[in-house]
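The values are calculated or read from the model by the stated rules, or taken from the named source; none is laboratory data. Predicted model only: the values in this text are computed from it and were never measured. Note that each Cβ is placed from the backbone with ideal geometry, even for glycine, and that neighbours are counted across all protein chains shown. Side chains included, ligands, DNA and RNA excluded: accessible areas come from the protein's heavy atoms. Shrake-Rupley method; radii C 1.70, N 1.55, O 1.52, S 1.80 Å.
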Amino acid sequence: MRGPRSVDVSNRTSGTMSTGNRAMNNRVMLTGLLACLTLMPIAAADWPTHRGNVERTGSAPAATGPKQPKVLWVFRSNEHFLASPVPSEKVLLVSGLGAFNSPVMRALSLQGNTAGQVVWTKTVPTLKMPVVSPPAVVGGRVIFGDGMHQTDGATLRCLDVESGLLLWQRTFLGRLVHIESAPSVVGSRIYFGAGSAGVVCLDYSRLTLHGKEMDETSARQMLLQRWKELQARYESERKKNPDVAVPPGEEQLPVSEPHLVWQTGQEKWHVDAPVAATASQVFVGSAYLDAEKTGARLLLCLDAQTGQVQWQAELRYNPWAGPTLAGEMVLVGGSNVRFDTRLAKLAKGQVAAFHMRNGKPLWQREVPGGVLSAVVVRKGLVIFTATDGRVRALDLATGQLRWSYDAQQPFFAGPAVTDSAVFAADLTGTVHALALESGQRLWTLKATEHEAVKAPGMIFGSPVVVGDRLYLATCNHEGPYARQPTAVVCIGDAGS
């Protein structure tokens, strides 16, 4: 997947759309793309879990990343991108917060000379709660949740990756219930944490529509039939009285609900971190909320079929990053503070390893900084960032330090790692490319101050690497550039 070789930022703006134009855009989108639904699952690049895989590399297979960095395109925005961008075959998906924390999910083109342009946008009224969760992408489905710490109640949704059309959704109610992290998809089952609602397992192959259970294909057919009926009614009314005829919209289409397989840990755990799922086990990081006096600071292993606890281990710090899997090991980073720039200097943390079968502690390493994003496993190394401004690599078997790199700026975002390089973006918007084996600096790029970008901002969401492209997104919801413009940036290889 390759973008354009020259930068063109003149038309990469989020802009605004009038109500009439938005309605027309929705009608065109539905009319032109609903027929594609009968072809799903489509050929698409899957990203089924947080950071793309259970090793949390944040890189697609065979990715190399840029060797000589060059900004290829920029999407300018006034939204705040707290989550990591997620690539699919044709689009880059970015979830953001607009004015008053309004929710936005955008698909930006990755195709040829349209790269960086908006393909579709979902916001209110389809989305109702803030979105800080990156999606999972499986078989042409974009699956993500909403809600954040300040809100109660959340909905998991599935959109069509080609059109953005809402395919199904399921809502969970309750205080401190929110879906802040990417779901994990294994087969047709979706596993995710929902704050104080614990851990949930849904099956999207079994849907309920108008009180009737049906398979996914039947639900799509009913969706198409309803659209044909709405279109026919509109055409009839338009012929009779064209001045008052109102074209149909997405809100008039039926929305199905996936089957609830199990839910566990309600009011006992608080799961904001992404879970790591296999066909037989689900690994969960639960936090304890000091202010609300709720939750439990635990690493848990659940039976994937039933949700029953197989083992649990106490943690010293809250596992905001969630678990990472490697062979027979489960690794988890932790921090005593959350994603709060005011507390970064007070942060401390830990990385710990446990045996996958029984939860036995294998090793742990204290860190003079909070580990807020997922640790990565690649070629026998455990690589992670911390708020003390360092990227570290530990030996997977022993936890001993192999190398350390000082960026001199705090990290909230985790690294993206390929077979030969580590790419880490610090809080000020500088990207550091390091050699995987040694931690030696390969290059740095102050992306937010680059001539093609010129949008100072912070990086909370971890970058991703596909082919020789690196994608990152900024936010200014707080800090020295609060409420100033943000950007989604594609960095390519100047030498290719």
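Figures for the structure shown
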read-out	value
Estimated FRET transfer efficiency (Ala482, Lys212; beta-carbon r; R0 56 Å; 0.05)	0.70
Gain in span if fully extended, Asn78 to Leu362, counting 0.36 nm per residue against the direct Cα distance	97.7 nm
Solvent-accessible area, 1.4 Å probe, carbon plus sulfur percent, for region 341-385	52 percent
Average accessible surface area per residue within region 344-496, 1.4 Å rolling probe, Å²	36 Å²
Cut-off under 5 Å, modelled amide H: who pairs with Leu362 long-range	Ala353, Phe354, His355
Backbone N within region 122-140 under 20 Å of label point (7 Å from Thr171 Cα along the Cβ vector)	122-133
Angle between the chain longest axis and helix 216-240 axis [Cα atoms, degrees, rounded to 10]	40 degrees
Selection from Thr155, Gln225, Ala194 lying farthest towards where the dipole of region 144-226 points positive, charges on Cβ	Gln225
Carbon plus sulfur fraction of accessible area for region 251-297, probe 1.4 Å, in percent	45 percent
Label-reachable residues, region 89-115, where backbone N falls under 11 Å from a point 7 Å from Val124's Cα toward its Cβ	98-103
Computed [θ] at 222 nm, helices only, for the chain once each DSSP H run of length n ≥ 4 contributes -39500 (n - 2.57)	-3000 deg cm²/dmol
Spin-label model distance (nm) - Gln400 vs Asp290, 7 Å beyond Cα toward Cβ	3.5 nm
Extended-chain gain in nm, criterion 0.36 nm per residue less alpha-carbon gap, Glu229 and Val244	3.6 nm
³J(HN,Hα), Karplus 6.51/-1.76/1.60, whole Hz, each residue of region 310-315, x for Gly, Pro	8, 7, 8, 9, 6, 10
Accessible surface of region 116-235 [probe 1.4 Å, protein heavy atoms]: carbon and sulfur percent	50 percent
Accessible area expressed per residue, region 148-194, with surrounding protein chains retained (probe 1.4 Å, Å²)	27 Å²
